[in-house]
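A.B. asks: Sharing a structure below in structure tokens format, with a few things to ask.
All of the numbers you see were taken from the coordinates with simple rules; none came from a lab. Since we're looking at a predicted model, the values are computed, not measured. Reconstructed Cβ throughout: ideal geometry from the backbone, glycine too, with neighbour counts over all protein chains shown.
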2 protein chains.
Amino acid sequence: MIVSASAGRSRVAVIGVGMIGGSVAGALRAHGACEEVVGYSPAPDGERALELGLIDRLAASVSDAVEGAERVVIAAPIPAIPGVMRAMAPALRSDALITDCASSKRSVIAAAERELGPAFERFLPGHPIAGSERNGPDAARPELFQGKRWLFCPVNPTQAQWCETWRQLLGVTGARFSEIDPDLHDRVFAEVSHWPHALAFAMGAAIARGELADHAVNFAGAGLRDTSRIAASPAELWAGILLDNVGPVLESAGRFRAELDRMIDALERRDRSALVEILDTSSRWRRRIVD
Amino acid sequence: MIVSASAGRSRVAVIGVGMIGGSVAGALRAHGACEEVVGYSPAPDGERALELGLIDRLAASVSDAVEGAERVVIAAPIPAIPGVMRAMAPALRSDALITDCASSKRSVIAAAERELGPAFERFLPGHPIAGSERNGPDAARPELFQGKRWLFCPVNPTQAQWCETWRQLLGVTGARFSEIDPDLHDRVFAEVSHWPHALAFAMGAAIARGELADHAVNFAGAGLRDTSRIAASPAELWAGILLDNVGPVLESAGRFRAELDRMIDALERRDRSALVEILDTSSRWRRRIVD
């Protein structure tokens, strides 16, 4: 773990102090990685993050938060990010470095290019891969990123030069940093996160609307619990994520629907060998993931 | 926990000593619930169960196993059950009680009626709700059923009178016993287990066949791990389960596909409120399940 002296990085602003931003802020504070962590979230999350000791000071607004900050971490929900960038742009120090934590990168990069003005060059698109079905500052933990991956998606060499600087500051989170092309990032995360969430939500909604909904709560075993856990995720937050990365999400959806049609067809025809082929293809792939 | 004296129940036969049967056998042995637990599985599972100490004796065949046994627990894979019943019928004691552990009940009841002859009256359809993506005797644990539900599905009053007798013997597993109508059982388990498995397999196969398959292994986070865990389940076993309960499974599939179509339509139209409605319906239902 790289723990840097706080000198020269007196103030870090964290915009959005829910589960992700609150965990970043909490880790910076816990390790004394800077002199002051200023946070901002609309009420009541900001107050709660202050109560929980995740931040040193609660700012009154986005521009108040970034005022004088040498580093700015945007951890707001995706639909709020363009507005957050617009609000911060005039108040940013001319040498402030900015990163974000959103789980899709193309739309955030487009918003940054549009809203940040000259600070776009000092913006490094980022994505810490940690989450759960919970959210808000009460779900924040300074150790949330320990051992997890944290991706950076620079779109030009100017942005790329900040990777090492951010690694030094954020190293206290215990994350493992790497870089990935933003287009590939968005396709991969549609496949491994956004579409699986959509599927879990569709399964949950189908059960909820069916006449077996109460029995399903009663008889849920480990299988349903595991497959539906993320189907309890916050609806507004996930609608934002799915729509933000809707192109790659619909590509994943198309591949899934073709496979689903094959499976239902095999069931309707009682075609055991076609069914075994699908199940075996899945099983062999899944066994490559070590739990 | 009800621990009964072993007197009068000197021999219990367990046909199929994989994860489920091996765990039943192991629990009976661990608690001294009978004098002898005889097991049978085709090689190599039978030998392995003996090595692991799950059974007292390995029988040479199904009929050898049930010979002289006062209680018979069928824990074979679903497609094997009719053949197992046919093989045991002539060798059963005239007072032997029989139960099974299959996760669908209508087809097993039909097989029992066809194959067990007069012993059908002494057959109590059962279903211990415990499982994982693993299988075989190495996945068996005497404590597997601790706190889990164990359902009985008698189809007539004669069968129903055995519920209490089986509860007394199987109480050592720590399971919580209850009764449910077999038709309702099969519809509920299509909804909470069989179809969620099919969905996870379809998702796994779609990812496996896509060009992002390797990246998906690399970047799998908690969401994908949870939703796909059961997609690693054994293909042959699950093809058997899905086909065995194919009517209710296709009903669940139909409800799911209608919801999936609504979701994809909302994504294609970028209809945020339609999307939020689906996600929120799911989320409110899922939060009723306490993890």
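A.B. asks: Can you tell me how chain B classifies by the Cα gyration tensor, rounded, prolate or oblate, using a/c under 1.5 as the rounded cut?
C.D. replies: Taking the square roots of the gyration eigenvalues as a ≥ b ≥ c, chain B is prolate.
A.B. asks: Compute the distribution of all C-alpha to C-alpha distances in the stretch B:11-180, in bins of 5 Å from 0, and list the percent of pairs in each, rounded to whole numbers.
C.D. replies: Final binned percentages: 2, 10, 20, 25, 23, 15, 5, 0, 0.
A.B. asks: Rank these for me by crowding, A:SER41, B:SER273, going from fewest to most other beta carbons within 10 Å.
C.D. replies: Fewest to most other Cβ atoms nearby, the residues stand as B:SER273, A:SER41.
A.B. asks: From the phi of every residue in the stretch A:21-30, what ³J(HN,Hα) in whole Hz does the Karplus formula 6.51 cos²θ - 1.76 cosθ + 1.60 yield, where θ is phi - 60° and glycine or proline is x?
C.D. replies: x, x, 6, 4, 4, x, 5, 4, 5, 4
A.B. asks: Something else: Over the stretch B:170-291, how many percent of alpha carbon pairs lie in each 10 Å bin up to the one with the longest distance?
C.D. replies: Spelled out bin by bin, the stretch B:170-291 gives 11, 29, 40, 16, 4, 0 percent.
A.B. asks: Once amide H atoms are placed 1.01 Å from N in the peptide plane, what residues at a sequence separation of 5 or more from A:VAL72, or on another chain, have their amide H within under 5 Å of its amide H?
C.D. replies: Counting only residues 5 or more places away or on other chains, the set is A:ALA13, A:LEU97, A:ILE98, A:THR99.
A.B. asks: Per Stokes-Einstein, at 10 °C and 1.306 mPa s, what whole-number D in µm² s⁻¹ belongs to the stretch B:91-147, with the Kirkwood radius over Cα pairs as the hydrodynamic radius?
C.D. replies: Rounded to a whole number, D works out at 120 µm²/s.
A.B. asks: Something else: Residue-wise, which Karplus ³J(HN,Hα) couplings in Hz belong to the stretch B:155-163, taking 6.51 cos²θ - 1.76 cosθ + 1.60, θ = phi - 60°, and x for glycine or proline?
C.D. replies: Those phi angles translate into 9, 7, x, 4, 5, 4, 5, 8, 3 Hz.
A.B. asks: Further question: Relative contact order for the stretch A:147-291: what percent, with Cα pairs under 8 Å and sequence separation of 6 or more?
C.D. replies: Relative contact order for the stretch A:147-291 comes out at 22 percent.
A.B. asks: Further question on the same structure: Which order results if A:SER63, B:SER107 are arranged by neighbouring Cβ count within 10 Å, fewest first?
C.D. replies: Going from least to most buried by this count: A:SER63, B:SER107.
A.B. asks: Which lysines have a Cα lying under 27 Å from the Cα of B:LYS105, excluding residues fewer than 8 positions away in the same chain?
C.D. replies: Counting by Cα, and skipping residues close in sequence, B:LYS105 has these lysines nearby: B:LYS148.
A.B. asks: If you don't mind, another one. Find out how many positive minus negative residues lie around A:PRO128, taking Lys and Arg as positive, Asp and Glu as negative, among other residues whose Cβ is under 13 Å from that of A:PRO128.
C.D. replies: Summing Lys and Arg as +1 and Asp and Glu as -1 gives +4.
A.B. asks: Under the rule of -39500 (n - 2.57) per DSSP H run of 4 or more residues, summed and divided by the residues of chain B, what mean residue ellipticity at 222 nm is obtained, to the nearest 500 deg cm²/dmol?
C.D. replies: Dividing the helical sum by the residues of chain B leaves -14000 deg cm²/dmol.
A.B. asks: If you don't mind, another one. 5 Å is the cut-off here: which amide hydrogens, built 1.01 Å from N in the peptide plane, fall below it relative to A:LYS105, excluding neighbours closer than 5 in sequence?
C.D. replies: A:ASP186
A.B. asks: Another one. Going by amide H atoms built from the backbone, whose H comes under 5 Å of the H on B:ARG141, apart from near neighbours?
C.D. replies: Here the answer is B:SER23, since their amide H atoms fall under 5 Å of that of B:ARG141.
A.B. asks: Distances from A:PRO79 to the same residue in each other copy, label points 7 Å out along Cα→Cβ, in nm, shortest first?
C.D. replies: Output for A:PRO79: 4.8 nm, nearest copy listed first.
A.B. asks: Still on this structure, please answer the following. Which order results if B:LEU243, A:LEU242, B:LEU50 are arranged by neighbouring Cβ count within 10 Å, fewest first?
C.D. replies: Fewest-to-most Cβ neighbours within 10 Å comes out as B:LEU50, B:LEU243, A:LEU242.
A.B. asks: Explain nothing, just compute: Karplus ³J(HN,Hα) = 6.51 cos²θ - 1.76 cosθ + 1.60, θ = phi - 60°, for every residue of the stretch B:37-52 in order, whole Hz, x for Gly and Pro.
C.D. replies: 10, 9, x, 9, 8, x, 4, x, 4, x, 4, 5, 4, 5, 3, 7
A.B. asks: Using the reciprocal of the averaged 1/r over all distinct C-alpha pairs, how large is the Kirkwood radius of the protein assembly as shown in Å?
C.D. replies: When all Cα pairs of the protein assembly as shown are included, the Kirkwood radius is 26.0 Å.
A.B. asks: Between copies, how close do the A:ARG287 label points come, placed 7 Å along Cα→Cβ, listed in nm from shortest?
C.D. replies: The answer, with the shortest distance listed first, is 4.0 nm.
A.B. asks: Lys and Arg at +1, Asp and Glu at -1: add these up for the other residues within a Cβ distance under 13 Å of B:LYS148 and post the number.
C.D. replies: Taking every Cβ under 13 Å from that of B:LYS148, the sum is +3.
A.B. asks: While we're here: Which value, in Å³ per residue, describes the convex hull spanned by the Cα atoms of the stretch A:202-272?
C.D. replies: Per-residue hull volume (Cα only) is 124 Å³.
A.B. asks: Compute the label-point distances linking A:ALA139 to its equivalents in the other copies; points lie 7 Å from Cα along Cα→Cβ; give nm, one decimal, shortest first.
C.D. replies: 3.0
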